[in-house]
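Report on the following structure.
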Amino acid sequence: MQIQNNGYLSIEQLTDQYLKKAKGAESHEKSDGLSFQEILQSKGLASGTEDVGGLLRFSKHALGRLSDRNIELNTEQLERLNDGARKAGQKGIRDSLVIVDQLAFIVNVPNQTVVTAMDSTATDENIFTNINGAVIA
């Protein structure tokens with residue numbers, strides 16, 4: 001594989017990064033012994049395509065952001081995120097900012113999909129666009 005030094009990833013690098021299992025992905029263990037990926041799978045959130053009965057799905061982009069930013073959600077935070085999205089839907093919000101602890105999520109409420117995720121260090125200017133409501137969960 002040839003590595004490019006122009007700041008862009010090659011097709012081979014992207015394939016290695018996203019299609020092959022990352023060596024370090026299994027080392028992110030929670031205190032109760034479950035990895036973030038295992039929690040998502042147990043909640044039915046990992047695929048991004050299944051309807052899981054009112055639970056949020058995570059887009060590929062959001063899963064990438066969680067991984068890139070080393071954000072791990074515990075079960076209680078996932079429940080609060082789901083509850084925040086449910087409350088946003090009850091108020092008629094289509095695209096919502098849901099804040100859980102120091103984490104911010106953009107959720108497309110009609111599709112029940114987390115579009116992106118960030119922690120307080122990733123929000124340089126604390127500006128969120130293309131939302132029409134916010135929930136602090």
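The values are calculated or read from the model by the stated rules, or taken from the named source; none is laboratory data. These numbers come from a predicted model, not from an experiment. For neighbour counting, all protein chains shown are included, and Cβ atoms are generated from backbone atoms with ideal geometry for every residue, glycine included. The area values use the complete protein model at the heavy-atom level, side chains included, leaving out ligands, DNA and RNA. Shrake-Rupley method; radii C 1.70, N 1.55, O 1.52, S 1.80 Å.
Here is how the numbers come out for the structure above:
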| read-out | value |
| --- | --- |
| Near pairs, Cβ below 6 angstrom, 6+ apart or cross-chain, from the range 67-79 (under 11 Å from Asp119 (Cα atoms) and of a type in the set (D, E, K, R)) to any residue that is open to solvent by 20 Å² or more (accessible area, probe 1.4 Å) and part of a helix (DSSP H, G or I) | Glu72/Phe36 |
| Residue identified as under 17 Å from the mean Cα position of the chain (by Cα) and more than 20 Å from Asn70 (Cα to Cα) among Val109, Val98 | Val109 |
| Criterion violated by Val100 - all others in (1) in contact with a helix residue (DSSP H, G or I) (Cβ under 8 Å, 6 or more places away or on another chain); (2) more than 18 Å from Phe58 (Cα to Cα); (3) not basic (Lys, Arg) satisfied | (2) |
| Positions within the range 83-124 being β-branched (Val, Ile, Thr) and open to solvent by 30 Å² or more (accessible area, probe 1.4 Å), in sequence order | Ile99, Val115, Thr121 |
